[in-house]
Amino acid sequence: MPEAAIIATDALVIGAGPVGLFQVFQLGLQGIHAQVVDVLDQAGGQCIALYPDKPIYDIPGLPYSTGRELTQRLLQQVAPFQPGFHFSQQVSQVSRQADGRWLVSAAQQHFLTRTLFIAAGVGAFVPKELKLDGLAACAGSQLFYRLPHPELIKDRQVVVVGGEDAAVDNAIALTEGPHQAASVTLVHRRDVLQASPQALKKLAELRASGRITFIAGQLTGIETRDDRLTAVAVNTPDDQTLNLPLDLLLVNQGISPKLGPVAEWGLAMERKQLSVDPASLATSAPGIYAVGDINSYPGKKKLIVCGFHEATLAAFAAASYLNPQASGVLQYTTSSALLQQRLGVQANRQAD
């Protein structure tokens with residue numbers, strides 16, 4: 001493995017959901033810089049993937065917040081600590097090195113970390129696959145579950161499958177910029193789409209202008225020629241079958257959580273959750289902590305606010321693990337000059 005491919009860090013957080021982001025914040029208060037890796041293409045975890053615009057009522061100090069708004073606030077909160085974010089990557093392997101550090105391998109990046117925080121929620125969110133005979137062979141060349149590189153899109157006939165935010169947003173994106181698709185067809189099982197009002201308004205405009213074609217129906221098969229995907233068959237609600245020629249197929253049918261490779265890392269588990277010490281959130285391996293819905297201990301409650309508490313305890317435990325000689329004196333952001341310096345508060349006051 002090339003040395004340049006490895007990022008050395010004191011802390012790596014797996015999962016950029018609310019608890020993972022707050023873990024970064026609490027580590028920052030302890031003077032520990034963190035790298036963050038997530039299988040999704042943006043921060044927010046379940047809040048973004050499952051309910052970006054649904055209300056959340058039990059976050060302290062926020063009588064009401066959507067998942068999207070909560071994510072934005074947390075990103076603003078961690079900004080002073082400048083974490084390194086690595087999206088669209090699933091961690092596959094974790095192995096302890098001779099010096100006690102952990103080598104963590106993701107899809108495009110490797111990390112050598114002194115402490116590891118697993119904030120993976122209910123597991124890694126992976127795209128729901130479209131099951132059609134012969135289609136899997138096209139993955140990566142003509143079949144995609146995320147928006148492919150713009151150069152692959154330019155002047156191509158693209159069919160998008162799905163009816164929620166990602167499908168609508170991607171269909172719109174295919175009509176914009178210098179690498180526009182030659183044609184865009186959005187296919188969903190029914191003529192009811194669930195996306196933001198702004199996106200639905202834009203989609204309606206593009207449909208009216210002929211830039212996007214919408215078809216209600218379900219894909220039932222594919223056509224190939226010389227090992228190339230050439231068309232898909234769509235069965236409509238009135239029991240007609242349409243053949244849609246295409247160059248690329250983009251499937252955005254949502255995502256589903258899977259425990260994934262974490263089950264193979266040799267950590268103690270109970271009912272597909274990581275067993276931790278509730279006082280420190282430490283797992284059975286030294287330097288590895290688990291916070292949020294991924295862990296289990298007596299009295300555990302799967303609530304965001306509980307995950308915030310766990311992230312706080314884990315950060316203190318990690319600080320002691322990394323620096324056993326530290327005094328461990330509790331400091332408060334209201335009065336500690338050190339914590340305020342780490343937060344950039346003094347600089348902001350001087351600027352004011």
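Quick notes on this one:
- Under the span-like rule (Cα at least 24 Å along the axis, Kyte-Doolittle mean at least -1.0), DSSP H helices of the chain: 304-322
- In this structure the amide hydrogen of Gln180, modeled in the peptide plane, comes within under 5 Å of the amide hydrogens of Asp155, none closer than 5 places in sequence on its chain.
- Matching label, Rg/Rh (Cα atoms, Kirkwood Rh) computed from the structure shown, candidates (i) 1.03; (ii) 1.01; (iii) 1.15: (i)
- Tensor-based shape of the stretch 130-253 (alpha-carbon gyration tensor, a/c under 1.5 rounded, otherwise prolate or oblate): oblate
- Segments 66-79, 198-211 sorted - mean Cβ within 10 Å per residue, highest first: 66-79, 198-211
- Remark: the stretch 152-157, residue by residue, has Karplus-estimated 3J(HN,Hα) of 6, 8, 3, 6, 9, 8 Hz, where x stands for each Gly or Pro and the curve is 6.51 cos²θ - 1.76 cosθ + 1.60 at θ = phi - 60°.
- Taking 7 Å steps out from each Cα toward its Cβ at His33 and Asp277 produces label points 2.9 nm apart.
- Dipole of the chain, positive direction: furthest Cα of Leu74, Gly140, Leu330, with charges on the beta-carbon: Leu330
- Averaged over residues, the count of other Cβ atoms within 10 Å places the peptides 129-138, 20-29 in the sequence 20-29, 129-138, highest first.
- Other-chain or far-sequence residues with amide H under 5 Å of Ser256's (modelled H): Val126, Lys128
- Cβ-based net charge around Leu62, under 15 Å, with every Lys or Arg adding one and every Asp or Glu removing one: +1
- Per residue of the chain, the DSSP helices (runs of n ≥ 4 H) give a summed -39500 (n - 2.57) that works out to -7000 deg cm²/dmol at 222 nm.
- Relative contact order (percent, whole number), the chain, Cα cutoff 8 Å, 6+ residue spacing: 18
- Charge tally in the Cβ shell below 9 Å around Val19, where Lys, Arg are +1 and Asp, Glu are -1, Val19 excluded: -2
Throughout, read-outs are computed from the coordinates displayed, never taken from laboratory work. Here the structure is a predicted model, which means the values were calculated and not measured. No Cβ is skipped: glycine too gets one built from the backbone with ideal geometry, and neighbour counts run over all protein chains shown.
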